[in-house]
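Okay, so here's the structure we're looking at.
Each value in this text was obtained by applying a stated rule to the coordinates, not by laboratory testing. Only a predicted model underlies this, so the values are computations on that prediction, with no experimental measurement involved. FYI the Cβ positions are ideal-geometry reconstructions off the backbone, even for glycines, and counts take in every protein chain you see.
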Amino acid sequence: MQLSLFILLVLSALGIVNTAYLVSHVFNKRPVKCLFFPPEWCHKVQFSRYSRTFGIPNSFMGISLYLFIFIFALMFFVGFVPLWPITVAVTIGFLFSLYFTIIQAFVLKAFCTWCVFSALDFTLLFIIIFFVGV
């Protein structure tokens, strides 16, 4: 297995764990723990009107994208699917992450640790797909 494909799988697995944590907090309506930032920042982001897109919690879309990327990367490795579906999913995730990071910085003026992690994760996935190659 190529190193870049292995890193793609690891990053998407980390994204699944990250967003699973967020999804669990959507279901039990508890605030997430805010590491590295003031606790009220994560609460502000988590319960803002920007925490949902078309009524769907952003964490649901995040975990769906990460699962898609992980499963399709495995299928790409064994030759069952081409690379383009992964490229599309990574691009969508990267653009959404960029948008939500801008919202956090300039509208909410607060950051959520888990959202920042996801944005960094999608940025690395984007770099691997477009600049390193799989």
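General remarks:
- Highest-first arrangement of 99-105, 89-95, 33-39, where packing means the average Cβ count within 10 Å: 89-95, 99-105, 33-39
- Two-site FRET efficiency, L98 against N28, from Cβ-Cβ distance with R₀ of 25 Å, rounded to 0.05: 0.30
- Computed over the chain, the per-residue total of -39500 (n - 2.57) for DSSP H runs of n ≥ 4 gives a 222 nm mean residue ellipticity of -22000 deg cm²/dmol, rounded to 500.
- Spin-label proximity, T91 to segment 105-134 - amide N less than 14 Å from point 7 Å beyond Cα toward beta carbon: 126-127, 129-131
- Mean separation of Cα contacts under 8 Å, 6 or more apart, over the residue count of segment 3-132: relative contact order %: 36
- Extension gain, V132 to V107, is 5.7 nm, computed as 0.36 nm per intervening residue step minus the present C-alpha separation.
- Farthest toward positive dipole pole in the chain [+1 Lys/Arg, -1 Asp/Glu at C-beta], among A89, S64, L108: L108
- Each Lys and Arg adds +1 at its Cβ and each Asp and Glu adds -1 at its Cβ; summed about the Cα centre, the chain shows a dipole of about 460 debye.
- Label-point separation, L83 to S48 (7 Å along Cα→Cβ), nm: 3.5
- By average C-beta atoms within 10 angstrom, highest first, the peptides 106-116, 52-62: 106-116, 52-62
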